[in-house]
Amino acid sequence: MESTMQEVPLTLTELFHHGRRVFGSSEVVTWEGGHARHSTFHEVAARVERLAAGLRSLGVQPGDRVGTLSWNRQEHFEAYFAVPCMGAVLHTLNLRLPPHQLAQIVNHAADRVIIVDASLVPLLAAIRPHLPTVEHVVVVGGGDHGDALGEHIAYEDLLTRSAGGFEWPELDERSAAAMCYTTGTTGDPKGVAYSHRSMYLHAFAVWGAFRLSDRERVLAIVPMFHVNAWGTPYAAWMLGADLLLPDRFLHADGICSFIQAERPTFTGGVPSIFSGMLAYFRENHPDVSSLKRAVCGGSAVPASLIEAFRDELDIELIQAWGMTETSPIGTIAYPPRDTPPEDEMRYRVKTGRAVPGVALRILDEDGSEVERDGVAVGEIEVRGPWITGSYYNASAPEKFHDGWLKTGDVGNIDPLGFVQITDRSKDVIKSGGEWISSVELENLLMGHEAVADAAVVGVPDEKWQERPLAVVVFRPGASATPDDLRAYLGDSVVRWWLPERWAFVDEIPKTSVGKQDKKKIRADYAAGTIEAVQVATSGAPVR
Ligand code: AMP
């Protein structure tokens, strides 16, 4: 059959026009510490056009990369539409990376322009001499930048360069719209380029997976430099949900003040954000009653956190999984329909079921699909229109397999399709040839009343090649002995899983996006910076 339906390209430009036409009175709210700045979609859209015109006046052409070094705020959101819709590529820069990696990424992407928040100017100034491809720097917000930065343009001046209006080009839906680099905990960061088509479809996936609508006020805590804040800004815009942006006020007190003042109904973030918020709530009792649901992912979500959110805050904490390479939505963990309330946690603590559009399979070491029995483990592979097919200017054949992305995550899948990640493949603990799930041990430990945070990593062992080392942070004023914690774990796991080595620290090392930095924990242990006590003898894997 020749032709069927209209060939409307799936581009962010379509979403931009839709949000503007239909939801002009919805708002973007930026927290400025103590007070909020409100702009309607109508006002934001006009500024998006002016930004596109301003960038064009600087010579930005289709395909050029425009970097942003910015917190979650209205101007960053303006770039989210202006840059891709003018045909250029939005390169969101992770402001928590070490300076040399930041420079490496800007140079690898060959960014021509960088839009930077005034508060982040010192970070950019430090690497500016090492960025030969960057022709223009645009500074958002006031302040004296001295000579440190060299020549630059004020964002608001750029916006006044045109009289308004912009001729949006017709775009190929397969062209790149945005790019984001992986955080590089296992090697050099690699670039993932998202197409218009993938971001358009992903926005619809976010709509469905997060169950959003124009009734919501969406608080985007996930940084806009990390996988497009999980696509929530685009989904909010196209659905007319208000978008609440916390800028740099990401500590629990800042977030809670923002919540109290602006009353979001929905949010998303990594577990460490929510555990910080919970601790703050317990001390200070801010009014967070507007918040009904929060999607949580980026690392495994402890059962104790989901329960505390339900029981103490009346917030549904919903676990999801994804990666930079998957745009990121891959799975989400809603209990199946008709689950009695007392059984819901069984599903909520899992990594979730694949969202429509994502195909998921788990392969064992021989390359065969594992039984869907919730027990057999293997590496998760995914496929779909918003899963990357390659890395930007980098060859990584080991990450792909017959058109599927090898996620590097290891887990099992049950008959209902619920996936449970047990480890990153590089973090797997293999003791005497048998796997121990660090994720499960961490999850259990975090349920102990004295424990605020916990990480479990594999360390060399003479007899068993590897044994688990538990690294624990206590809650303020609380403590427990290794024997207490072993006894506690012993109620839930087999004996040979119990760690003999225990380290008690003030803080678990975290990566630039707030995940446990297990590579650093292992290195610190090897270097003796993390000191462990050893109790009991190594438990033997019992088969
Ligand atoms: P990133 O590309 O930095 O977003 O990291 C992606 C990785 O985060 C995944 O490959 C997983 O290892 C981890 N991750 C994300 N969500 C979860 C989750 N719900 N449970 C366990 N690990 C997760």
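Report, ordered by the first and then the second residue, all pairs with beta carbons closer than 6 Å, sequence separation of six or more or different chains, a first member in segment 505-521 that is in the same structural domain as Leu97 (by TED's automatic domain parsing), and a second member that is open to solvent by less than 30 Å² (accessible area, probe 1.4 Å) and within 15 Å of the ligand (Cβ to nearest atom).
none
For Ser299, all conditions in the list (1) away from the ligand (no atom under 16 Å from the Cβ); (2) hydroxyl-bearing (Ser, Thr, Tyr); (3) open to solvent by 20 Å² or more (accessible area, probe 1.4 Å) hold save one; what is the number of the exception?
Every listed condition holds for Ser299 apart from (1).
Just to check your reading of the model, which residue among Leu291, Leu317 is surrounded by 17 or more Cβ atoms within 10 Å (Cβ to Cβ), away from the ligand (no atom under 16 Å from the Cβ) and over 21 Å from Val358 (Cβ atoms)?
Leu291
Which members of segment 223-243 meet the condition of being open to solvent by less than 10 Å² (accessible area, probe 1.4 Å), assigned to a loop (DSSP other than H, G, I, E, B) and on the phi < 0 side of the Ramachandran plot?
Of everything in segment 223-243, those that are open to solvent by less than 10 Å² (accessible area, probe 1.4 Å), assigned to a loop (DSSP other than H, G, I, E, B) and on the phi < 0 side of the Ramachandran plot turn out to be Met224, Phe225, Ala241.
Thr407 - would you say it is among the hydroxyl-bearing types (Ser, Thr, Tyr), in a strand (DSSP E or B), under 20 Å from the mean Cα position of the chain (by Cα) and modelled with pLDDT of 95 or more?
The answer is yes for Thr407.
Could you run through segment 431-459 and say how many residues are within 18 Å of Ile362 (Cβ to Cβ) and open to solvent by 40 Å² or more (accessible area, probe 1.4 Å)?
Matching residues across segment 431-459 total 2.
For Glu365, work out the one condition from (1) open to solvent by less than 50 Å² (accessible area, probe 1.4 Å); (2) at negative phi it doesn't fulfil.
(1)
Having 3 or more residues that are touching a strand residue (DSSP E or B) at 6+ places or on another chain (Cβ under 8 Å) and modelled with pLDDT of 95 or more is the bar; report the helices (runs of 4 or more DSSP H) wholly within segment 3-119 that clear it.
Fully inside segment 3-119 and qualifying: 41-57, 74-85, 99-109.
Can you tell me which residues in segment 390-406 are open to solvent by 50 Å² or more (accessible area, probe 1.4 Å) and either over 24 Å from Gln104 (Cα atoms) or among the small types (Gly, Ala, Ser) (or both)? Explain how you work it out, then say what you get.
As a first pass, look at segment 390-406 and keep what is open to solvent by 50 Å² or more (accessible area, probe 1.4 Å): 390, 392-393, 395, 397-398, 400-403, 406.
Across segment 390-406, the qualifying residues are Ser390, Ser395, Phe400, His401, Asp402, Gly403, Lys406.
Please determine whether any residue of segment 459-478 is of a type in the set (Val, Ile, Thr), in contact (Cβ under 8 Å) with a residue 60 or more places away in the chain and within 16 Å of the ligand (Cβ to nearest atom).
no
If you scan segment 244-260, which residues turn out to be open to solvent by 10 Å² or more (accessible area, probe 1.4 Å) and either more than 18 Å from Met224 (Cβ to Cβ) or without any contact (Cβ under 8 Å) to a residue 12 or more places away in the chain (or both)?
The first filter runs over segment 244-260 and keeps only residues open to solvent by 10 Å² or more (accessible area, probe 1.4 Å), leaving 248-254, 257, 260.
Listed by number, the residues that qualify are Ala252, Asp253, Ser257, Gln260.
Take the residues in segment 490-516 that are touching a Lys or Arg at 6+ places or on another chain (Cβ under 6 Å) and of a type outside the set (Ser, Thr, Tyr), then tell me which one is nearest to Ser437 (Cα to Cα).
Of everything passing the filter in segment 490-516, Leu498 is nearest to Ser437 (Cα to Cα).
How many of the residues in segment 196-251 are more than 16 Å from the ligand (Cβ to nearest atom) and among the β-branched types (Val, Ile, Thr)?
Counting residues in segment 196-251 that are more than 16 Å from the ligand (Cβ to nearest atom) and among the β-branched types (Val, Ile, Thr) gives 1.
On the given criteria, is Ile387 surrounded by 21 or more Cβ atoms within 10 Å (Cβ to Cβ), touching a strand residue (DSSP E or B) at 6+ places or on another chain (Cβ under 6 Å), in a strand (DSSP E or B) and modelled with pLDDT of 95 or more?
No: the conditions fail for Ile387.
Output yes when any residue across segment 382-400 is under 18 Å from Pro302 (Cα atoms), touching a helix residue (DSSP H, G or I) at 6+ places or on another chain (Cβ under 9 Å) and not basic (Lys, Arg), and no when none is.
Step one: filter segment 382-400 for residues under 18 Å from Pro302 (Cα atoms), giving none.
No, every residue in segment 382-400 fails to be under 18 Å from Pro302 (Cα atoms), touching a helix residue (DSSP H, G or I) at 6+ places or on another chain (Cβ under 9 Å) and not basic (Lys, Arg).
How many of the residues making up segment 298-309 are touching a strand residue (DSSP E or B) at 6+ places or on another chain (Cβ under 6 Å) and at pLDDT 95 or above?
Total satisfying the criteria: 2.
Over 25 Å from the mean Cα position of the chain (by Cα), away from the ligand (no atom under 11 Å from the Cβ) and open to solvent by 50 Å² or more (accessible area, probe 1.4 Å): is that true of Arg372 in this structure?
yes
The values are calculated or read from the model by the stated rules, or taken from the named source; none is laboratory data. Keep in mind the model is a prediction, meaning the values are calculated, not measured. Please note: Cβ atoms are built from the backbone with ideal geometry, for glycine as well, and neighbour counts cover all protein chains shown. Side chains included, ligands, DNA and RNA excluded: accessible areas come from the protein's heavy atoms. Shrake-Rupley method; radii C 1.70, N 1.55, O 1.52, S 1.80 Å.
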